[in-house]
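Let me begin by presenting the structure, written as structure tokens, before commenting on it.
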Amino acid sequence: MEPGLCGRVYMLVGRLRTAISKALFAEFLATGLYVFFGVGSVLRWQALPSVLQIAITFNLATATAVQVSWKTSGAHANPAVTLAYLVGSHISLPRAVAYVAAQLAGATVGAALLYGVTPGDVRGTLGINVVQNSTSTGQAVAVELVLTLQLVLCVFASTDSRQTLGSPAAMIGTSVALGHLIGIYFTGCSMNPARSFGPAVIVGKFAVHWIFWVGPLTGAVLASLIYNFILFPDTKTVAQRLAILMGTTEVEKVLEVEPQKKESQSQSSSGDIEVSV
């Protein structure tokens, strides 16, 4: 390998490593902030907080986390969203695994910080998600599935460059608030496995923790299939999807190729019309 080419390769690798490191830190930070402020609103001080108060706080926490990180990492801050992006061929498998690890670490640190600064008589169970007595496990899974389905659909619609170019923070925050206005009565409303994971790790309670993985992840997969293959399908080939999945090509490169294909197709069709005339 020539010295000049070798230097360019090292430079590209260094830039890629820096970009990935920034993205992982952004996911860690965004998820930690979301858990700290969101779960903090659930704690009982002098009286139980109202459902509206909790929903508004989670709305604001989500909007803040998204605004802080969406241009760096895409502002997933949620393993369910990351899985949805993976299914829709918007992210590679290695990056998705790294994102989820960063999100779980951020959620745990956020919950630990909240636990550390909260008086002992207020901590309680640190806002862990639980199934209400009148709700069965099947109903809890179904509710989490539907809540996450609407959230992920909103995330896709708000971040799709074909639909909008503005910040998705407000709309995603609204979707999270909507979920809490209903979901609190059933499961305390998770929609985010990391939100359930962090507090559960700190207080050591995992009795029905699986519900807050199965429900949200299933809802996320369904939402991704609905959005990416029914509502707004793209033109990625199977080979392109596999390349994105394995990380051998970037999504941006695939998106750059698609407009060129459309332009060439339109030019060839116009040429055919001229010849036939």
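The values are calculated or read from the model by the stated rules, or taken from the named source; none is laboratory data. The structure presented is a predicted model; accordingly, all values stated were derived computationally and were not measured. Quick reminder, even Gly has a Cβ in these numbers, built from the backbone with ideal geometry, and neighbours come from all protein chains shown. The area values use the complete protein model at the heavy-atom level, side chains included, leaving out ligands, DNA and RNA. Shrake-Rupley method; radii C 1.70, N 1.55, O 1.52, S 1.80 Å.
Tabulated data
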| item | result |
| --- | --- |
| In region 146-168, the residues that are crowded, with 20+ Cβ neighbours inside 10 Å and not aromatic (Phe, Trp, Tyr) | 147, 148, 149, 151, 152, 153, 154, 155, 158, 159, 168 |
| Test: residue 251 is surrounded by 17 or more Cβ atoms within 10 Å (Cβ to Cβ), over 17 Å from residue 149 (Cβ atoms) and at pLDDT below 90 | yes |
| Filter pass, residue 47 being at pLDDT below 95, within 30 Å of residue 185 (Cα to Cα) and among the hydrophobic types (A, V, I, L, M, F, W, C) | yes |
| Residue in region 60-67 that is over 30 Å from residue 247 (Cα atoms) and either over 15 Å from the mean Cα position of the chain (by Cα) or assigned to a loop (DSSP other than H, G, I, E, B) (or both) present | yes |
| Residue 268 being part of a helix (DSSP H, G or I) and modelled with pLDDT under 95 | yes |
| Options 117, 109, 122, 97: the member that is without any contact (Cβ under 8 Å) to a residue 12 or more places away in the chain, more than 20 Å from residue 222 (Cα to Cα) and β-branched (Val, Ile, Thr) | 117 |
| Unique match (being over 15 Å from the mean Cα position of the chain (by Cα) and of a type outside the set (Lys, Arg)) among 114, 147, 151 | 114 |
| Some residue of region 212-219 being open to solvent by 10 Å² or more (accessible area, probe 1.4 Å) and among the β-branched types (Val, Ile, Thr) | yes |
